[in-house]
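Participant: Got a structure here, written out as structure tokens. Questions coming.
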């Protein structure tokens, strides 16, 4: 079994996430691809997550990639949460979602009072009524009800918990988000929105997703991938997945912690050394979400509640050479933005200097005047 040090693994992960060094401006889509998607339930945080990996970026450039260039797509993906996915990768993620533990959506729709026949009619109608022209939720609900002749489906879309009945269509690749119209979100058919659509065999697609995950977040345990991909207990299918890749994997020991890595990545892990990298990662950042939540060298147990908060909220973190050393937040009033930093231990001069450099970069990204202050936990 190959032995590694956390300092090697953390430095390698920072490189894989384009956090050290960062990408040039043209690397926007590359950053999203390499991190296996950017969580986007808070859109401003998603924009900043990409901005932390790409120099010279602005929120407007991310929005342009979504709504004008169609090089990114916003949809429900891993853990049934909103993500930004590279448009070229969406068919792969859709195919991989075809391998799931629930078997079908009967129970899901039954919860909303929809019988199997209506379920099939609903799922078939969505890609028929959606095209490359954005439709609001109300417009989509009306069109689906008319297409199926089932008024109950209109109420389902409009009155149920936000987005829930539309997620199965997103997982099938029949629906993704379009640009908002005022306060109203819109939806489009991704096969018409992004154009060319490559087909993948589901099991092979999921294997490729696992490889990509390990290239960005490895070494990782079966449980880590399970939590990242499904978001719930699915140990048997996840173990089966890792078993199918065993020829490509090697178990490693990282200072006493055992996990799996792609053999092809081990040499670069061994050769990567820390560089004193300090980064301010936003809410729900991919780097934090993709790693195991109970690894003491990455986040001391005493401070875990500060990062992984109730109701699935993930704090913005201060990252020092790949480990979580504090949390931060910012508030903007007019042209002024205040960054509040709460470190887990008193920061030295070098860390303060790194944080201040990051806040200057944040000022450029937001096009605001930014100041920073430190508060006790």
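Participant: For region 205-235, which positions are more than 17 Å from the chain's Cα centre (by Cα) and either free of Cβ contacts under 8 Å to residues at least 40 places away in the same chain or at positive phi (or both)?
Facilitator: Passing the criteria: 207, 222, 233, 235.
Participant: Scan 245, 241 and give me the residue that is in the same structural domain as residue 12 (by TED's automatic domain parsing), surrounded by fewer than 20 Cβ atoms within 10 Å (Cβ to Cβ) and either touching a residue at least 24 places away in the same chain (Cβ under 8 Å) or on the phi > 0 side of the Ramachandran plot (or both).
Facilitator: Just a single option satisfies the conditions, and that option is 245.
Participant: Considering only region 36-51, state which residues are under 22 Å from residue 278 (Cβ atoms), touching a residue at least 40 places away in the same chain (Cβ under 8 Å), surrounded by 24 or more Cβ atoms within 10 Å (Cβ to Cβ) and in contact with a strand residue (DSSP E or B) (Cβ under 9 Å, 6 or more places away or on another chain).
Facilitator: Listed by number, the residues that qualify are 38, 46, 48, 49.
Participant: Those residues that are under 25 Å from the mean Cα position of the chain (by Cα) and surrounded by fewer than 19 Cβ atoms within 10 Å (Cβ to Cβ), I need them from region 275-284; list them, please.
Facilitator: 277
Participant: Might you check whether a residue that is part of a helix (DSSP H, G or I), out of contact with any strand residue (DSSP E or B) (no Cβ under 6 Å at 6 or more places or on another chain), without any contact (Cβ under 8 Å) to a residue 12 or more places away in the chain and loosely packed, with under 15 Cβ neighbours inside 10 Å occurs anywhere in region 135-144?
Facilitator: No - not one qualifying residue is present in region 135-144.
Participant: I'd like the full set of residues that are touching a strand residue (DSSP E or B) at 6+ places or on another chain (Cβ under 9 Å) and crowded, with 17+ Cβ neighbours inside 10 Å, limited to region 110-134.
Facilitator: 126, 129, 130, 134
Participant: Check residue 117 against each of (1) free of Cβ contacts under 8 Å to residues at least 12 places away in the same chain; (2) under 25 Å from residue 235 (Cα atoms) and name the one condition it does not meet.
Facilitator: Among (1) free of Cβ contacts under 8 Å to residues at least 12 places away in the same chain; (2) under 25 Å from residue 235 (Cα atoms), the lone unmet condition for residue 117 is (2).
Participant: Could you list, in sequence order, all residues of region 312-338 that are under 30 Å from residue 273 (Cβ atoms) and either at pLDDT below 95 or assigned to a strand (DSSP E or B) (or both)?
Facilitator: Within region 312-338, 314, 316, 317, 318, 319, 320, 323, 324, 325, 326, 327, 328 qualify.
Participant: Moving to a separate point now. Give me a count of the residues in region 339-371 that are within 23 Å of residue 303 (Cβ to Cβ) and either outside any strand (DSSP E or B) or at pLDDT below 95 (or both).
Facilitator: Counting residues in region 339-371 that are within 23 Å of residue 303 (Cβ to Cβ) and either outside any strand (DSSP E or B) or at pLDDT below 95 (or both) gives 16.
Participant: Still on this model: Can you name the condition, by its number, that residue 33 falls short on among (1) within 21 Å of residue 202 (Cα to Cα); (2) buried (at least 19 other Cβ atoms within 10 Å of the Cβ); (3) modelled with pLDDT of 95 or more?
Facilitator: (2) is the only condition that residue 33 fails.
Participant: Looking at residue 361 and the list (1) closer than 23 Å to residue 50 by Cβ; (2) in contact with a strand residue (DSSP E or B) (Cβ under 6 Å, 6 or more places away or on another chain), which single condition is not satisfied?
Facilitator: (2)
Participant: Could you run through region 304-320 and say how many residues are over 19 Å from the mean Cα position of the chain (by Cα) and buried (at least 18 other Cβ atoms within 10 Å of the Cβ)?
Facilitator: 1
Participant: Considering only residues of region 321-342 that are farther than 21 Å from residue 256 by Cβ and within 20 Å of the chain's Cα centre (by Cα), which is surrounded by the fewest Cβ atoms within 10 Å (Cβ to Cβ)?
Facilitator: For region 321-342, the residue satisfying everything is 329.
Participant: Do we have residue 289 as crowded, with 20+ Cβ neighbours inside 10 Å and closer than 30 Å to residue 353 by Cβ here?
Facilitator: Yes: the conditions hold for residue 289.
The values are calculated or read from the model by the stated rules, or taken from the named source; none is laboratory data. The model shown is predicted, which means the values in this text are computed figures rather than measured ones. Quick reminder, even Gly has a Cβ in these numbers, built from the backbone with ideal geometry, and neighbours come from all protein chains shown.
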